[in-house]
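What follows is a set of notes on a single structure, which appears directly below.
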Amino acid sequence: MLTYEQDPAILASLAIKLLRPIQFTQALTLASEESLIQALQSPAPSANILAITVIEKAARSPGDTAILSIMKGLVENFLQTWLGTPDVGVAEKATKVLGDLLEVDCDRRSSAGIDTKMSGLQLASRMPPGQGLLWRRIFQDREIYQLFFSLCSSTTTGKGEGQLDERQKSLAQARLLRVLPRLATLDFQAITRSQFPDVEKSYEVGQPGLLYFATVDMVNKEEDM
């Protein structure tokens with residue numbers, strides 16, 4: 001499928017059905033990290049969905065999310081696809097998968113004693129805590145943490161290689177805002193503090209933390225219609 005020059009939708013759909021009963025570690029023996037990254041980078045939404053479906057399998061157990069956290073390139077490209085894809089279906093699936101992965105991996109779980117419902121969202125209070133390794137990969141790895149700012153900040157609209165145009169920037173901002181309530185329920189400290197305050201400073205953010213950036217400084221309120 002890596003060399004298939006036509007729309008891979010039918011092949012991807014068949015592959016997803018065949019992969020359904022397979023565990024994450026088994027899937028990695030069939031699809032390497034490199035091939036999953038190539039599928040995430042593909043312009044074909046069906047290839048993106050196939051890669052995200054494999055990544056989704058890591059949400060079945062804390063051990064699997066720990067394995068995923070080791071694969072920095074895969075995590076980085078997953079986040080880039082989530083924020084940068086123009087395809088709504090790919091973005092919707094990626095948003096859900098990211099939330100599921102971080103819920104399983106969470107070692108803090110702010111709402112451990114209750115079931116939290118927000119806009120149809122329910123977090124399972126009886127889920128055992130995870131190892132927090134994927135949280136650390138995302139929030140304590142400078143390059144990956146900076147992705148949120150680089151792709152979502154209004155100060156980078158259309159500037160430089162790999163940056164998003166005005167329309168796509170707005171979509172990326174909306175996707176980040178959508179996932180933050182779920183992350184806040186799991187680990188409020190992770191999104192309100194920063195390991196790299198200089199990252200926020202370089203994007204003209206007034207205070208540390210992803211939450212402050214997204215709710216106060218991410219959108220240019222004077223120019224963005």
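Bear in mind these aren't lab numbers, they're just calculated from the coordinates by the rules spelled out. Model, not experiment: these values are computed from the prediction. A quick note on method: Cβ atoms are made from the backbone with ideal geometry, for glycine too, and the neighbour counts reach across all protein chains shown.
If we sort 193-203, 54-64 on the protection proxy, mean other Cβ atoms within 10 Å, highest first, what's the order?
Working: 193-203: 15.7, 54-64: 20.5.
The most tightly packed comes first, giving 54-64, 193-203.
Kirkwood hydrodynamic radius computed over the stretch 4-66 comes to 11.9 Å, based on all pairs of distinct alpha carbons.
Dipole orientation for the chain: of the candidates G206, T185, G162, T185 has the Cα lying most toward the positive pole (charges on Cβ; Lys, Arg +1; Asp, Glu -1). Distance from the alpha carbon centroid of the stretch 55-88 to that of the stretch 174-199 works out to 17 angstrom. For the stretch 32-48, 3J(HN,Hα) computed residue by residue from phi via the Karplus equation (6.51, -1.76, 1.60; θ = phi - 60°) reads 6, 4, 4, 5, 5, 5, 4, 5, 5, 7, 5, x, 8, x, 5, 5, 4 Hz, glycine and proline entered as x. Computed from backbone phi, the HN-Hα couplings of the stretch 77-89 come to 6, 4, 5, 5, 5, 4, 7, x, 5, x, 8, 5, x Hz, rounded to whole numbers (Karplus: 6.51 cos²θ - 1.76 cosθ + 1.60, θ = phi - 60°; Gly and Pro given as x). Put simply, the amide H of D107, placed in the peptide plane, has neighbours under 5 Å in G130, G132, leaving out anything fewer than 5 places away on its chain.
Highest mean packing first, where packing is the average number of other Cβ atoms within 10 Å per residue, the peptides 44-51, 81-88, 161-168 line up as 44-51, 81-88, 161-168. Taking all Cα-Cα distances within the stretch 144-189, those exceeding 15 Å account for 47%.
Let me know the volume per residue of the alpha-carbon convex hull for the chain, in Å³.
On the way: hull volume 29.1 nm³, N = 225.
About 129 Å³ per residue, rounded to a whole number.
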